[in-house]
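First the structure, in the form of structure tokens, and then the observations on it.
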Amino acid sequence: MKLTDEKVLEVFGDTAVEKSLARLEVVSRLPRFIAEYLISKYYRKDPIGWQETVARIVREYYPDPSEKDRVLSIAKRRGRITLIDEYKVVVNLKRNMYYLHIPNLQIYDALVSDSIVERYERILSGLWGIGVLEYRPEIAEAMSSRGKERVPFTPLIMVEFEPFQVYNIDLNSFIEGRRKFTLEEWVELLIKSIGLNPDMYNWKQKLLLLFRLVPLAEGNVNLMELGPRATGKTYLYRNISYYTRIYAGGTISAATLFYHARLRILGDIGTRDAVIFDEIAKVRFTNPDEMVSKLKDYMVDGHFERGLLKRAHSTCSLVFVGNVELSAEGVYGSIIDYLPEFMKDTALIDRIHGLLPGWKLPKISKSTLHLARGYGLAADYLSEILHRLRSYSYEPIVDELFELEGNYTIRDEKAVRKLLSGILKVLYPHAEFDKRELQEVGELAVEMRQYIVNILSEMSPHEFQPKRLGVRVRG
């Protein structure tokens, strides 16, 4: 049965949004999950005039970074400004205070009311919202004099904050909603929800697209995706979840990724659900030996340490994304040729659970053809649902449903179980299964691990002899 907008609205109500609206120019500068939040908030209130309202909000409250001096001048003249941003608060125990980061203005030493931090604790790891900032030079002056040495602050203090992200989500309602859809309808709904047109993909391609959600729904999954440009490899992670951090090439330090010893703050691995290394061929590390060693340790069980930080743990998933050239047979040349030097290490590759074959997905070329139209789950709602699902493990269910066949190593087995646990949460959050539907899902997870097995065999044929992995659904 074809999924209908009426059914989506009947089951999910206000958490559903018309996906084509998020492509309108009035919200094009915003991340998709913020754009859809604003649309869902104002569209139902005023279906005719909502665009004008949202356009005004974006124009007034989300200035371009190049307008920093103009915005600060307004704050100085009027005494307060209202801004949309991904605010982040950092704790400084030595000075017994909080620092407020305002990324759009490149300000990292503003102040924030303690009550805001207490009420919205997630602002400590970054939170999108509308903040009211007052220009208070007398408070900044007083704060600067705290402690043994004088440390000046930007004289802006956040006094009001309204988060954009959905807070009070009932996961049980989401699970109950899943029961009202067939698998085909559910897959179509999820494809629309991530912003794509399900009609442009065959069944296997749809499942591959949803495997991209596994690192967001399952903790400590290490996934690699290689494919041609314009297949949406990074689009999903940038626009569907606010719990991710994307490194688009460039140089990365251990302080940024793991722990900043001088500031004594956790890096992105310690605070995010997923870290994405985009364009991996262009990624560089400030200290490659240290970084690769720490990455390999972390990818085993989620533990890491650095400097004064001893044995920290995180469930952050790692995603390695890269481009490949295609030939008539598939990937042109060897996959190894597309990897950066730090990844040409069998120990690191073996810790990657699966390779998603992005070369099997079509390019996203025309918005009228390839992008979603009609109702799907709002991106901020879906992001929060995926985040909540990380608290549950479906690995015991995987063991009940699937039998792995072939010469599996412990790492092979762990990899397939993690991939299957994640995709079952995405497809069957209600944990009710038609076993006739599961074989292809299991085979895709094993196929993704098989690519890793093949790469290892190519890199070191004596240590990793060629083999075939299999899976079957238990009767």
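The values are calculated or read from the model by the stated rules, or taken from the named source; none is laboratory data. Quick caveat: nothing in here was measured; it's all calculated off a predicted structure. Neighbour counts are summed over all protein chains in view; Cβ atoms, including those assigned to glycine, are modelled from backbone coordinates with ideal geometry.
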note = Contact list, first residue from region 393-420 and in the same structural domain as VAL471 (by TED's automatic domain parsing), second anywhere and hydroxyl-bearing (Ser, Thr, Tyr) and surrounded by 19 or more Cβ atoms within 10 Å (Cβ to Cβ), beta-carbon distance below 7 Å, six or more apart or interchain, is SER393/SER421; TYR394/SER421; GLU395/SER421; VAL398/SER421
task = Would you point out which residue out of ARG388, ARG411 is surrounded by fewer than 21 Cβ atoms within 10 Å (Cβ to Cβ), of a type in the set (Lys, Arg) and more than 19 Å from the chain's Cα centre (by Cα)?
result = ARG411
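Results for (1) within 19 Å of SER421 (Cβ to Cβ); (2) part of a helix (DSSP H, G or I); (3) more than 31 Å from the chain's Cα centre (by Cα); (4) among the charged types (D, E, K, R), shown as yes or no for each residue.
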site	(1), (2), (3), (4)
GLU437	yes, yes, no, yes
GLU440	yes, yes, no, yes
ALA445	yes, yes, no, no
ARG449	yes, yes, no, yes
VAL453	no, yes, no, no
LEU456	no, yes, no, no
GLN465	no, no, yes, no
GLY470	yes, no, no, no
request  = Report the residue count in region 1-22 for those that are among the charged types (D, E, K, R) and in a loop (DSSP other than H, G, I, E, B).
outcome  = 1
key: Scope region 108-145; condition modelled with pLDDT of 90 or more, assigned to a helix (DSSP H, G or I) and under 26 Å from ARG245 (Cβ atoms); matching residues   = ILE116, VAL117, GLU118, ARG119, ILE123
task = Go through region 179-208 and give me each residue that's under 16 Å from ILE385 (Cβ atoms), under 22 Å from the mean Cα position of the chain (by Cα) and basic (Lys, Arg).
result = LYS192
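To keep it simple, each residue is scored yes or no on (1) at negative phi; (2) of a type in the set (Lys, Arg); (3) free of Cβ contacts under 8 Å to residues at least 24 places away in the same chain.
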site: LEU9; (1), (2), (3): yes, no, no
site: GLU18; (1), (2), (3): yes, no, no
site: LEU21; (1), (2), (3): yes, no, yes
site: LEU30; (1), (2), (3): yes, no, no
site: ARG70; (1), (2), (3): yes, yes, yes
message = Condition first: in contact with an Asp or Glu (Cβ under 6 Å, 6 or more places away or on another chain), in a helix (DSSP H, G or I) and closer than 30 Å to GLU134 by Cβ. Can you find one or more residues in region 84-102 that meet it?
response = no
message = Looking at (1) outside any loop (DSSP other than H, G, I, E, B); (2) not small (Gly, Ala, Ser); (3) not assigned by TED's automatic domain parsing to the domain that holds LEU236, which one does PRO47 not meet, given that it meets all the others?
response = (1)
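A quick yes/no check of all residues on (1) surrounded by fewer than 16 Cβ atoms within 10 Å (Cβ to Cβ); (2) of a type outside the set (Lys, Arg):
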residue: GLY267; (1), (2): no, yes
residue: ASP278; (1), (2): no, yes
residue: PRO288; (1), (2): yes, yes
residue: ARG311; (1), (2): yes, no
residue: GLY322; (1), (2): no, yes
residue: SER327; (1), (2): yes, yes
residue: ASP345; (1), (2): yes, yes
task = Please find, among GLY376, GLY422, the residue that is under 30 Å from TYR338 (Cα atoms), touching an Asp or Glu at 6+ places or on another chain (Cβ under 9 Å) and either small (Gly, Ala, Ser) or surrounded by fewer than 17 Cβ atoms within 10 Å (Cβ to Cβ) (or both).
result = GLY422
inquiry  = Just to check your reading of the model, which residue among SER383, SER365 is surrounded by fewer than 19 Cβ atoms within 10 Å (Cβ to Cβ) and either of a type in the set (S, T, N, Q) or in contact with a His (Cβ under 7 Å, 6 or more places away or on another chain) (or both)?
reply    = SER365
request  = Go over the candidates LYS148, LYS76 one by one and state the one that is surrounded by fewer than 17 Cβ atoms within 10 Å (Cβ to Cβ), modelled with pLDDT under 95 and in a helix (DSSP H, G or I).
outcome  = LYS76
inquiry  = For region 347-362: of the residues being under 19 Å from ARG449 (Cβ atoms) and of a type outside the set (A, V, I, L, M, F, W, C), which is surrounded by the most Cβ atoms within 10 Å (Cβ to Cβ)?
reply    = HIS353
message = Would you confirm whether or not region 312-329 contains a residue that is within 30 Å of PRO362 (Cα to Cα), small (Gly, Ala, Ser), more than 20 Å from the chain's Cα centre (by Cα) and modelled with pLDDT under 90?
response = yes
query = In region 1-34, what residues are crowded, with 22+ Cβ neighbours inside 10 Å and under 18 Å from ASN197 (Cβ atoms)?
reply = VAL8, ALA16, VAL17, LYS19, ALA22, ARG32
task = Answer yes or no: is there a residue in region 281-292 that is modelled with pLDDT of 90 or more and basic (Lys, Arg).
result = yes
note = Of all helices (runs of 4 or more DSSP H) fully inside region 153-242, the set with 2 or more residues that are buried (at least 23 other Cβ atoms within 10 Å of the Cβ), not hydrophobic (A, V, I, L, M, F, W, C) and not assigned by TED's automatic domain parsing to the domain that holds ARG136 is 183-193
task = For region 123-133, indicate whether the set of residues that are under 21 Å from THR271 (Cβ atoms), without any contact (Cβ under 8 Å) to a residue 60 or more places away in the chain, among the aromatic types (Phe, Trp, Tyr) and crowded, with 17+ Cβ neighbours inside 10 Å is non-empty.
result = no
inquiry  = I need the full set of residues from region 243-259 which are among the hydroxyl-bearing types (Ser, Thr, Tyr), within 25 Å of LEU127 (Cβ to Cβ) and surrounded by fewer than 20 Cβ atoms within 10 Å (Cβ to Cβ), in order please.
reply    = TYR247, SER253, THR256
